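Visitor: Here it is: the structure, laid out below.
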Amino acid sequence: MSRIVVVSPPFQSHAAPLSALAAALAARGADVFFACAPAFEPLAKRAGVRFVPLTVTRNANTGVAERTDQAARETARLAEFLRATRGGPVETLLTQARHRRADMLADPEGVYEDLRAIDKRLRPDWYVVDQLAYAATLALHCLGVPYASYCPGHPGYVLSGPDAFFGLPAYWPEALHPGPSGLAALRAAVLANDRAFTRLFAAFAADRAPSAPAPGRAFALTSAHAVVYAYPALPWLPERPEGPAHLFAGHMAGPDEPLDPDWERRLKELRERAGRVVLMAFGTFLSARDDVLRTVLAGLLDGTDDTAVVVAAGARADALADLAGDRAVVVPTVPQRQLLPHVDAMVHHGGGNSFTECLRAGVPALVLPMSSDQFSVARDAERAGVGVVRDPNTLRPADVPDALAAALADPVRGRARREARGLRRYGPSWAAEHLMTAMGPRARGPR
């Protein structure tokens, strides 16, 4: 029996799919531990695996970012990030680049010591570590233990070559492509980060593991054995690095769960009042952009007579309460995966989970990307023909009905259904099976 430790950063959008992978590995007979911040222990319990407390970054998000209990400095940084999203892609990505140094290598000594203690106590055969948990990946590299990487969003997070940089989208949707000056500023910022992080990684590794191979480019440090992508193997994705097995799992959603009776009742009432139902959710961070939520919701309610909307508004549900009514349900959170098979379309921010969950459910999307890898994800939705993309900062209520009509056009709906059929055999179980084969027997001896 393989013993595996799955390491996740303390973000709900990362920890939930990683816990689904942990459950799938356990179902294949592995002895699995889920290592994350203490607030995420319930995910381990639901997955049927054991829990190990481990915090790999100061930042956190337990489901609604604005309601997560965290240090005042991190709360201020979240507010700065949200303000930047109103300025468009370049301003947002430049702000994220400035924040990155403190976010991703905040306490390398502490993470290294914690993982070394876990390794000494549990002696796992191998690890699975989130690609964005860079301090944890650096620690595992220095410890010289085998690990697989898990890519939580766009595959561009695993750098494909010397011209690829973390924080610079692999490509852009048509509606949000920056001009040359913006791209130049962004490229300069991510290049500076790349060099600075590489120096930090090299110095840490030289001190902690002088006999180990140098880690190389920090953001390119990835498993030599296997990388699991929570993403479909789209034919135009950037080339993958040579060496590891590249496992495109399509999605990392757990087993289907029945819809709660209360939500069944709500959907039934909405269907009685409208011919179609749209789900709108911007993830655990960007639900704070209640101005965009309001634009879309008002546009659908005022510009159509046959559309009802379910809105996950996070901490801003009260700010949108005036729009709730017969055709609009506004709540802090929704059971997104359970609702998707029962709606006609989704409006989302281009998050990796939302994109792949829509694909899995065969639901077309209106995509409004705002940060991080969402621009690349949105372009994939556009290019795959399963959604349409608009600029969230220039969208007006009057534009929304036409944008939704484009997302619901027959070619888009048909393509979404075909993609769903193709993804049925993939997911956490497929990933666990192929990951265990790729990692092979790596016994560490008596425990």
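Visitor: Return yes or no: is Leu176 over 22 Å from the mean Cα position of the chain (by Cα), farther than 23 Å from Val6 by Cα and either among the aliphatic types (A, V, I, L, M) or not assigned by TED's automatic domain parsing to the domain that holds Gly352 (or both)? Lay out the reasoning, then the answer.
Guide: Details: over 22 Å from the mean Cα position of the chain (by Cα): no; farther than 23 Å from Val6 by Cα: yes; either among the aliphatic types (A, V, I, L, M) or not assigned by TED's automatic domain parsing to the domain that holds Gly352 (or both): yes.
Here the answer is no, as Leu176 does not meet what is asked.
Visitor: For segment 392-408, give me the residue count where each residue is outside any helix (DSSP H, G or I) and without any contact (Cβ under 8 Å) to a residue 12 or more places away in the chain.
Guide: Taking segment 392-408 and keeping what is outside any helix (DSSP H, G or I), we get 392-396, 408.
From what is left, the residues that are without any contact (Cβ under 8 Å) to a residue 12 or more places away in the chain are 394.
Count: 1.
Visitor: Could you say which residue among Phe33, Phe40, Phe51 is among the aromatic types (Phe, Trp, Tyr), part of a helix (DSSP H, G or I) and modelled with pLDDT of 95 or more? Give the steps one after another, and end with the answer.
Guide: Values: Phe33 fails: part of a helix (DSSP H, G or I); Phe51 fails: part of a helix (DSSP H, G or I).
On inspection, the qualifying residue turns out to be Phe40.
Visitor: Oh, and also: Can you tell me which residue within segment 242-276, out of those that are in a strand (DSSP E or B) and surrounded by fewer than 22 Cβ atoms within 10 Å (Cβ to Cβ), is farthest from the chain's Cα centre (by Cα)? Give the derivation first.
Guide: Taking segment 242-276 as the starting set, the residues that turn out to be in a strand (DSSP E or B) are 245-248, 276.
Narrowing further to those that are surrounded by fewer than 22 Cβ atoms within 10 Å (Cβ to Cβ): 245-246, 248, 276.
Details: Ala245: 21, His246: 18, Phe248: 15, Arg276: 28 Å.
Ranking the qualifying residues of segment 242-276, first place goes to Arg276.
Visitor: Quickly run through segment 183-241 and pick out the residues that are assigned to a strand (DSSP E or B) and closer than 21 Å to Ala135 by Cβ. Please lay out each step first, then the result.
Guide: Looking only at segment 183-241, we keep the residues that are assigned to a strand (DSSP E or B), and these are 226-229.
Those that are assigned to a strand (DSSP E or B) and closer than 21 Å to Ala135 by Cβ: Ala226, Val227, Val228.
Visitor: Exactly one of (1) at pLDDT below 95; (2) exposed (fewer than 14 other Cβ atoms within 10 Å of the Cβ) is unmet by Leu234. Its number?
Guide: That leaves (1) as the condition not met.
Visitor: Evaluate segment 141-149: report whether one residue or more is in a strand (DSSP E or B), assigned by TED's automatic domain parsing to the domain that holds Ala432, closer than 16 Å to Arg240 by Cβ and in contact (Cβ under 8 Å) with a residue 60 or more places away in the chain. Can you show your working first?
Guide: Let us first name the residues in segment 141-149 that are in a strand (DSSP E or B), namely 147-149.
Filter again for assigned by TED's automatic domain parsing to the domain that holds Ala432, leaving 147-149.
The next check asks that each one be closer than 16 Å to Arg240 by Cβ; those that pass are 148-149.
So of that shortlist, the ones also in contact (Cβ under 8 Å) with a residue 60 or more places away in the chain come out as 148-149.
Checked segment 141-149: at least one residue is in a strand (DSSP E or B), assigned by TED's automatic domain parsing to the domain that holds Ala432, closer than 16 Å to Arg240 by Cβ and in contact (Cβ under 8 Å) with a residue 60 or more places away in the chain.
Visitor: Hey, among the residues in segment 83-129 that are part of a helix (DSSP H, G or I) and acidic (Asp, Glu), which one's surrounded by the most Cβ atoms within 10 Å (Cβ to Cβ)?
Guide: Per the criteria, the residue is Asp114.
Visitor: If you don't mind, another one. For segment 295-324, give me the residue count where each residue is surrounded by 19 or more Cβ atoms within 10 Å (Cβ to Cβ), at negative phi and of a type outside the set (A, V, I, L, M, F, W, C).
Guide: Looking only at that region, the number is 5.
The values are calculated or read from the model by the stated rules, or taken from the named source; none is laboratory data. This one's a predicted model, so the numbers in the text were calculated from it and none came from an experiment. With ideal geometry, Cβ positions are generated from the backbone for all residues, glycine too; neighbour counts draw on all protein chains shown.
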